[in-house]
Structure formats: structure tokens, C-alpha cells
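Have a look at the structure below, then the notes.
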Amino acid sequence: TAVCPQGHRNTWSGTTTDRHGKPRVMFTFSMTDCTPCPVRSRCTRAKTAARTLTLRPREHHELLRALRADQQTEHWRRRYAARSGIEGTISQAVRAFGLRRSRYRGLAKTRVQNILIATAINLTRADAWLAGKPLGHTRVSHLAALATR
């Protein structure tokens, strides 16, 4: 059972799956409760429909909350720092060297292409280092740029 901010209980609830096949629980409230509600804008963006609330099953929801809390710790951020460096390398390989598109058929030839791309990345980075080119900076959003002024 779900209860809205005004104390009304849902009129229908059921389980279904999302587009990825994951289970979810849905709660729908009555139109007679939602339409005249003074705090409707806090509950739904729908202009005419009643409020529908979609949640994950309790076990999934609690696991997600625990994982999000873990992401706020310094230990997690140190572990993730390595991944961010790796993702930069993958991004460079995709954007500059076409890593996602194989020019050849067959696993062996594709493997050779990937090795050559990795070598090209290393040579490009060594050349930039020897030439004294500074590292590229992470993009700063417009909002973050305004906040630093």
C-alpha cells in the first residue's frame, strides 16, 4: 500500500517488469483523489492522469540505497579513480582511432587491429609528452564555470 502526501491510499497495485526485464511494483491512485488535490504538483507532472508510483522490490531498493551511500565514501572514490583513467583511454581509442568498428572479419584479425590501436595510443601519448603538450582538461559544465566565478 502506498499513501500520498494528503493521506490517500492507492486504488491499484501490481507487479510488472521494466523495459530491461527487471521487476517493479506499481501503485496507481484514484482520479477522484488526484484531480482536486491542492498539492498535485508535488506528486505528478501529468496534466490529467492520476498519480502513478513505480518502485523496485524492497530488496533491490535497499541494495541500491546501500550502494549509493557507499559511493559517498573516500575508499570508493579512490577505487573509482582508476576506472576513470581507463575510461579516458577507451574514449580516446573510440574517438580518435575507431575502436568500435572492426575493419576485418574474424577474431584473429580483429585482435591484431585492437593491438595496433593500443600501440597507436601509446605512440600518440609518448609524442605528446615529448613535445610538451599539456594533457586535455576535463570538460566543465556551464553551471560549474559560473559557480567558480
Unique residue being modelled with pLDDT under 85 and surrounded by 10 or more Cβ atoms within 10 Å (Cβ to Cβ) when the list is Cys37, Cys43: Cys43
Unique match (being modelled with pLDDT under 90 and either exposed (fewer than 12 other Cβ atoms within 10 Å of the Cβ) or of a type in the set (Asp, Glu) (or both)) among Ile115, Ile86: Ile86
Failed criterion for Asp18 (all others in (1) under 19 Å from the mean Cα position of the chain (by Cα); (2) among the acidic types (Asp, Glu); (3) modelled with pLDDT of 90 or more hold): (3)
All positions within the stretch 4-34 that are surrounded by 12 or more Cβ atoms within 10 Å (Cβ to Cβ), in a helix (DSSP H, G or I) and of a type outside the set (D, E, K, R): Met31, Cys34
Cβ-Cβ under 6 Å pairs, at least 6 apart or on other chains, the stretch 88-106 side free of Cβ contacts under 8 Å to residues at least 60 places away in the same chain, far side in a loop (DSSP other than H, G, I, E, B) and surrounded by 12 or more Cβ atoms within 10 Å (Cβ to Cβ): Ala93/Leu99
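The values are calculated or read from the model by the stated rules, or taken from the named source; none is laboratory data. Since the model is a prediction, treat every value here as computed from it, not as a measurement. Using ideal geometry, Cβ is built from the backbone for each residue, glycine included, and neighbour counts are taken over all protein chains shown.
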